[in-house]
1. Give all pairs with beta carbons closer than 6 Å in which a residue from the stretch 26-44 that is in a loop (DSSP other than H, G, I, E, B) meets a residue that is among the acidic types (Asp, Glu); count only pairs at least 6 apart in sequence or on separate chains.
2. Name the single residue that is nearest to VAL66 (Cα to Cα) among those in the stretch 1-25 being in contact with a helix residue (DSSP H, G or I) (Cβ under 7 Å, 6 or more places away or on another chain) and outside any helix (DSSP H, G or I).
3. Output the residues belonging to the stretch 6-32 that are exposed (fewer than 11 other Cβ atoms within 10 Å of the Cβ) and not small (Gly, Ala, Ser).
4. Here is a list: VAL35, VAL66, VAL42. Which entry is buried (at least 17 other Cβ atoms within 10 Å of the Cβ), within 19 Å of HIS5 (Cβ to Cβ) and of a type in the set (Val, Ile, Thr)?
5. Restricting to the stretch 46-61, count the residues that are modelled with pLDDT of 90 or more and either under 11 Å from the mean Cα position of the chain (by Cα) or in a loop (DSSP other than H, G, I, E, B) (or both).
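The values are calculated or read from the model by the stated rules, or taken from the named source; none is laboratory data. Keep in mind that what you see is a predicted model, and the values were worked out from it rather than measured. Cβ placement follows ideal geometry from the backbone for every residue including glycine, while neighbour counts extend to all protein chains displayed.
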Amino acid sequence: MGHRHIALFLLGQGARLDVFAAAMLGQLDVVKAAVAANPGIVLVPGPHGIPLLAHAKAGKQEAEAVLKYLEALPA
């Protein structure tokens, strides 16, 4: 988590993208689509029990838009 270069390498090798990786990578359109389809996903623990918001934080500057979007959602 938080290692963009590793995530991109794995995706390039055929790994499947999930909403948690999308959040870390700053893929706002993917995150918005997932939240629209299932609003509760914001509270679902992802890999290793880490929530979506923490994945966005780990994405640092590249995921800033995702972080702001998630923080703006109603609790």
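1. GLY26/GLU62
2. The first filter runs over the stretch 1-25 and keeps only residues in contact with a helix residue (DSSP H, G or I) (Cβ under 7 Å, 6 or more places away or on another chain), leaving 1-2, 4, 7, 17, 19-25.
Checking the rest, the ones that are also outside any helix (DSSP H, G or I) come to 1-2, 17.
Values: MET1: 15, GLY2: 14, LEU17: 16 Å.
Going through the qualifying residues, I end up with GLY2.
3. Within the stretch 6-32, the subset exposed (fewer than 11 other Cβ atoms within 10 Å of the Cβ) is 6, 12-14, 16, 29.
ILE6, GLN13, ARG16, ASP29, listed by residue number.
4. VAL66
5. In the first step, residues of the stretch 46-61 are kept if they are modelled with pLDDT of 90 or more; the result is 49-61.
If we keep only those that are either under 11 Å from the mean Cα position of the chain (by Cα) or in a loop (DSSP other than H, G, I, E, B) (or both) as well, we get 50-59.
Result for the stretch 46-61: 10.
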